[in-house]
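One structure below.
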Amino acid sequence: MQANTFSQAEFLAAAGIGGLCPAQDDTPAFAALEGEGRAGADETRIVKTCCRACIANCGVLATVRNGRVVKLQGNPEDPMSKGRMCAKGLSGIQALYHPNRNKYPLIRAGERGENKWRRASWDEALEYIAKGLMKVREQYGAEAVACSTGGGGNPEIWSIARFCNIFGTPNWFEPGCAQCYLPRVLAYTMMYGGVDPSIADSNALELYFPDETPIKTLVLWGTAPSYSCPASGGGMVSDLRAKGVKTVVVDPRMTPDAAKSDVWLPIRPGSDVALMLAWIRYILEHKLFDRDFVRKWTNLPYLVDVESKMLLRAEKSQDPDEPDTFVVWDQKTAGPRPLPYPWDDALDPALEGTFTVDGRRCKTGFQLLWERVQAYTLEKAAELCWLDAERIERAIRLFTDNSPSGLAIGVATDQGANSVQAAMAAATIDLLMGNVERPGALLQRFRTSGLFDMPNYPVPIAARMLPEEQLKKRLGANEHKGLHIWFAGHPSSIRDAMITGKPYPVKAWIDRSGNKLGAVADSQSWLPAIENMDLIVHMYTTPTSFSAYADVLLPAEEWLETDMMVETCNKLFARQAATHLWETMDETLFWSRLAKKCAELGHERCRLAFDPEFMGKDLAYWDSMDEFFTHFTSRIGLTWKQFKEKAPFEYLPRDQWRSYYVYRQTDPKTGKPGGFATPSKKLELYLESMITLSRTGKPFSLYELPPASRDYDPLPYYFEPYESPIASTELAKEYPLVLTSGRVPFYHHGTLRNIPWLREIYPAPELWIHPTAAGQCGVADGDWVWVASQRGRTQAIARVTEGINPGTVCMERFWNPEKLNTPTHGWREMNVNMLTKADAPFNDVVGTYTLRGFLVKVTKAEGPPEGVWLKPEDFKPWLPQPTEPTPEVRV
Ligand SMILES: Nc1nc2c(c(=O)[nH]1)N[C@H]1C(S)=C(S)[C@@H](COP(=O)(O)OP(=O)(O)OC[C@H]3O[C@@H](n4cnc5c(=O)[nH]c(N)nc54)[C@H](O)[C@@H]3O)O[C@H]1N2
Ligand SMILES: Nc1nc2c(c(=O)[nH]1)N[C@H]1C(S)=C(S)[C@@H](COP(=O)(O)OP(=O)(O)OC[C@H]3O[C@@H](n4cnc5c(=O)[nH]c(N)nc54)[C@H](O)[C@@H]3O)O[C@H]1N2
Ligand code: SF4
Ligand SMILES: [Mo]
């Protein structure tokens with residue numbers, strides 16, 4: 001069967017086979033959802049569930065009438081969303097009943113990309129895939145299989161890691177990988193040992209009780225909760241503002257959060273670390289930090305051997321509950337002294353200074369930090385970051401003087417080569433102020449239910465199943481060892497191996513996400529990789545551009561069809577399937593069933609994965625989602641069914657849940673304060689563990705790895721983005737503007753671009769451009785433009801606005817599902833990732849590439865790209881088609 005014209009799509013639809021074509025006219029109106037349903041039945045029920053259209057998991061009440069989901073509304077019992085939902089969540093019904101849902105497994109029937117498919121049973125599709133994987137494994141080794149998944153909001157990312165560990169390949173990634181969250185998780189884990197303060201990732205839980213938290217100033221640094229989590233964090237920030245909390249927003253564009261801030265710093269994209277170092281310098285110079293706290297609870301008074309960069313140790317601890325004993329310079333005796341943990345009142349450790357100890361030149365960590373930030377005066381930062389020195393000072397003063405305060409960072413600083421350094425600098429700012437575990441602080445270790453604790457959240461990753469020699473083959477992860485905290489490979493290195501076969505071939509690729517070609521940097525550079533694959537599998541809810549290149553297409557469940565456990569502030573919720581359609585499958589089950597097929601074909605480790613005795617606490621693979629969830633809920637004495645009936649419920653009395661000053665609590669094992677979850681039990685602002693990580697992979701890699709080409713730096717440092725008006729003056733003559741991106745509230749990554757109501761609101765990506773720059777480019781508001789970088793070009797609609805600084809333009813990701821069946825497959829026309837950079841230099845620690853802060857030029861275009869849909873009536877073929885529920889597929 002062929003499916004590359006619209007009329008053939010009609011035929012396919014009639015035949016009940018999901019092709020890659022948009023459905024045709026005659027789509028029933030939305031109201032038809034309320035239709036008759038099953039004959040004779042007249043039943044309405046409310047399903048208490050949770051949204052999954054983004055990571056916030058807001059509580060939802062879904063009205064199901066005669067088997068069809070007809071209405072969604074927020075659940076007021078959710079302490080984070082408080083009954084709110086956003087446009088993405090509310091479009092869940094249109095996504096669920098989208099006429100183009102992937103309904104059944106499809107196997108390619110023609111040439112790759114030709115879009116000829118045949119319907120297959122799940123069993124046949126699984127067998128086809130498993131045979132393909134086993135063949136690749138036999139021919140090239142298990143490492144020649146790569147898997148990838150969707151990023152933010154995907155509750156299943158660890159099921160991919162788990163499958164890979166069991167199958168024996170170290171190579172899986174998600175496009176967010178090194179450019180989303182990981183830099184922040186890494187820095188805060190290593191320096192503090194608690195949860196990072198990211199709002200879009202549902203942290204900073206202290207802030208969700210506006211009447212109770214004493215916070216007075218909140219800094220939103222490169223994060224826009226009003227767009228990235230409107231119903232939860234966005235609403236929370238607006239509640240805080242209403243009660244008088246001041247905000248500082250560091251963002252090149254005037255988001256709603258910036259518009260309502262007390263100080264807005266429209267920073268040059270990619271220059272954040274320079275500004276952060278200036279904040280640190282100002283705080284140190286003006287002695288605004290919490291000196292007593294810094295001396296007692298950070299490692300900044302500890303002496304560092306300048307040559308080896310390692311901390312001096314008086315004694316290495318033999319007891320896993322006790323930290324090593326470090327050395328300070330005691331001012332009372334003017335000499336080096338061991339400082340027993342946690343503190344010795346007899347000593348008076350120097351914070352500043354350079355000393356000689358046993359002939360070695362030593363400095364305190366504090367001294368090294370001060371030297372590091374020396375050059376970053378307010379004036380220097382103003383020049384580098386395109387800001388005003390006086391305004392920077394006002395922002396810092398608000399943060400330091402109007403306290404308690406806290407700093408939330410987002411994804412902006414994760415998306416350039418300065419990524420880990422930005423997270424380290426942001427953590428340093430809060431920790432110097434003592435903004436940790438006190439009321440009002442964002443950095444907290446509130447008690448959890450324990451059901452979700454890593455590495456078992458929500459799927460045990462079975463790390464020990466991956467043999468040492470396989471782990472050592474993880475692509476890009478010897479150089480960028482921070483990736484091991486995520487157990488993941490490096491996207492660009494995997495791409496390169498796919499293309500060149502070096503250091504070894506990668507020949508099969510299973511992806512479970514939306515549109516990889518919309519989410520990865522330099523999308524077109526991935527095409528040669530795709531062409532080299534022996535097997536490509538795509539599992540998703542609807543076909544996307546990536547599906548066009550697949551050999552097997554699998555139907556994934558929408559969120560209204562799935563179950564999941566959700567933990568929010570002290571409450572456990574259940575996402576519960578409101579219906580089930582066609583032959584869609586939960587992806588957690590897919591990976592389990594694929595492992596089973598591989599076992600049947602003789603894969604020994606896959607066979608063992610079904611043996612409870614062998615798997616032990618890694619949990620054997622399961623045959624149903626009920627079985628899987630019951631494994632977790634049994635820890636609190638409930639079956640999954642009982643849990644769903646009970647949810648939502650609080651798991652602790654509120655005051656026990658919100659546990660402040662955890663570091664001061666006595667550890668029964670030692671009789672001393674438990675401290676922070678770091679090797680020294682102090683806040684490690686001088687992050688010696690970075691050096692160990694670069695040399696050995698410890699503490700994240702299970703096995704010792706050879707050293708990276710150079711040591712990672714224990715202190716944050718700034719370097720110019722690799723393509724910038726300052727670093728690349730020649731290039732800037734042709735490409736004078738700095739491009740960045742940020743979320744819009746209507747879509748989640750590549751998803752929902754085919755939702756009629758959302759596309760009506762936001763039919764095409766806007767390019768935010770300042771009037772001065774627009775004038776220079778000959779562009780007016782509403783014009784279609786070309787945006788071009790060294791790597792490619794794409795189109796957008798100019799939005800001329802003073803809400804962005806004159807040197808910067810901003811564009812969100814986009815792709816055009818209406819063009820799936822054209823030669824472009826819809827991923828080139830309006831895709832900012834045609835412009836971004838996926839090549840070295842990368843961030844040293846985690847290998848981040850460049851999604852934000854690089855050079856482009858803007859020119860006027862004749863009009864929109866051919867064939868894209870822009871008018872409300874264009875989207876009619878995508879109106880929902882009500883469908884009867886179906887039983888789940890058993891394989
Ligand atoms: N230029 C540019 N590029 C970017 C970014 C940017 O800001 N600018 N952002 C980057 C970031 S931060 C990220 S995280 C990536 C995202 O890139 P991808 O993750 O590839 O994006 P999608 O595949 O569209 O997103 C996966 C979607 O699947 C949804 N999903 C829901 N349920 C499930 C499930 O059960 N399993 C799976 N697998 N997925 C599920 C997730 O909520 C999410 O919406 O894009 C990156 N790319
Ligand atoms: N609607 C929607 N919500 C989402 C997602 C989505 O795709 N759509 N994705 C989810 C995911 S995976 C993530 S990671 C989170 C991210 O959530 P946020 O961290 O809030 O993400 P963004 O809006 O992408 O980026 C924040 C802000 O950074 C600004 N910015 C751009 N460049 C720079 C820079 O160089 N420096 C600074 N300081 N700011 C800069 C942008 O203008 C933007 O307003 O959102 C999640 N929520
Ligand atoms: S913020 Fe919107 S999309 Fe995200 S979970 Fe809540 S309702 Fe769903
Ligand atoms: Mo992300």
So which residues in region 134-162 are small (G, A, S), away from ligand 3 (no atom under 16 Å from the Cβ) and either farther than 19 Å from A521 by Cβ or surrounded by fewer than 24 Cβ atoms within 10 Å (Cβ to Cβ) (or both), if there are any at all?
G141, A142, A144, S159, A161
The condition from (1) more than 11 Å from ligand 4 (Cβ to nearest atom); (2) at pLDDT 95 or above that A161 misses is numbered (2)
Residue set W172, W158, W122; condition farther than 21 Å from K507 by Cβ, of a type in the set (F, W, Y) and within 12 Å of ligand 1 (Cβ to nearest atom); output residue W158
Identity of the residue in region 44-62, within 9 Å of ligand 3 (Cβ to nearest atom) and not in a loop (DSSP other than H, G, I, E, B), that ends up farthest from E561 (Cα to Cα):
G59
Report the residue count in region 816-841 for those that are of a type in the set (F, W, Y) and either in contact with an Asp or Glu (Cβ under 8 Å, 6 or more places away or on another chain) or at positive phi (or both).
0
List the number of the failed condition for G782; all other conditions in (1) part of a loop (DSSP other than H, G, I, E, B); (2) of a type outside the set (V, I, T); (3) on the phi < 0 side of the Ramachandran plot; (4) surrounded by fewer than 22 Cβ atoms within 10 Å (Cβ to Cβ) hold.
(3)
Criterion: hydrophobic (A, V, I, L, M, F, W, C), touching a helix residue (DSSP H, G or I) at 6+ places or on another chain (Cβ under 6 Å) and within 16 Å of ligand 4 (Cβ to nearest atom) - qualifying residue of A224, A278:
A224
Pairs where the first residue, in region 131-151, is within 18 Å of M465 (Cβ to Cβ) and of a type in the set (D, E) and the second is assigned to a helix (DSSP H, G or I) and more than 16 Å from ligand 1 (Cβ to nearest atom), C-beta under 8 Å, 6+ apart:
E143/Q470
Considering every residue within region 63-76, establish whether at least one is modelled with pLDDT of 95 or more, within 16 Å of ligand 1 (Cβ to nearest atom) and part of a loop (DSSP other than H, G, I, E, B).
no
Need the failing condition index for I761 against (1) within 13 Å of ligand 2 (Cβ to nearest atom); (2) at negative phi; (3) surrounded by 21 or more Cβ atoms within 10 Å (Cβ to Cβ), just the number.
(3)
Run down P736, P673, P668 and say which single residue is over 16 Å from M190 (Cβ atoms), more than 26 Å from the chain's Cα centre (by Cα) and free of Cβ contacts under 8 Å to residues at least 60 places away in the same chain.
P668
Among the listed residues N102, N171, N115, N165, which satisfies the condition of being touching a Gly at 6+ places or on another chain (Cβ under 6 Å), in contact (Cβ under 8 Å) with a residue 12 or more places away in the chain, buried (at least 23 other Cβ atoms within 10 Å of the Cβ) and over 24 Å from R52 (Cβ atoms)?
N171
R101 is checked against (1) within 16 Å of ligand 1 (Cβ to nearest atom); (2) outside any loop (DSSP other than H, G, I, E, B); (3) among the charged types (D, E, K, R) and fails just one. What number does that condition carry?
(2)
Of all helices (runs of 4 or more DSSP H) completely enclosed by region 443-559, which ones contain at least 3 residues that are within 16 Å of ligand 2 (Cβ to nearest atom)?
516-519
With the checklist (1) touching a Ser or Thr at 6+ places or on another chain (Cβ under 7 Å); (2) without any contact (Cβ under 8 Å) to a residue 40 or more places away in the chain in hand, flag the one item R852 doesn't pass.
(2)
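The values are calculated or read from the model by the stated rules, or taken from the named source; none is laboratory data. Just so you know, these numbers come straight off a predicted model, no measurement behind them. Cβ atoms come from the backbone with ideal geometry, glycine included; neighbour counts cover every protein chain shown.
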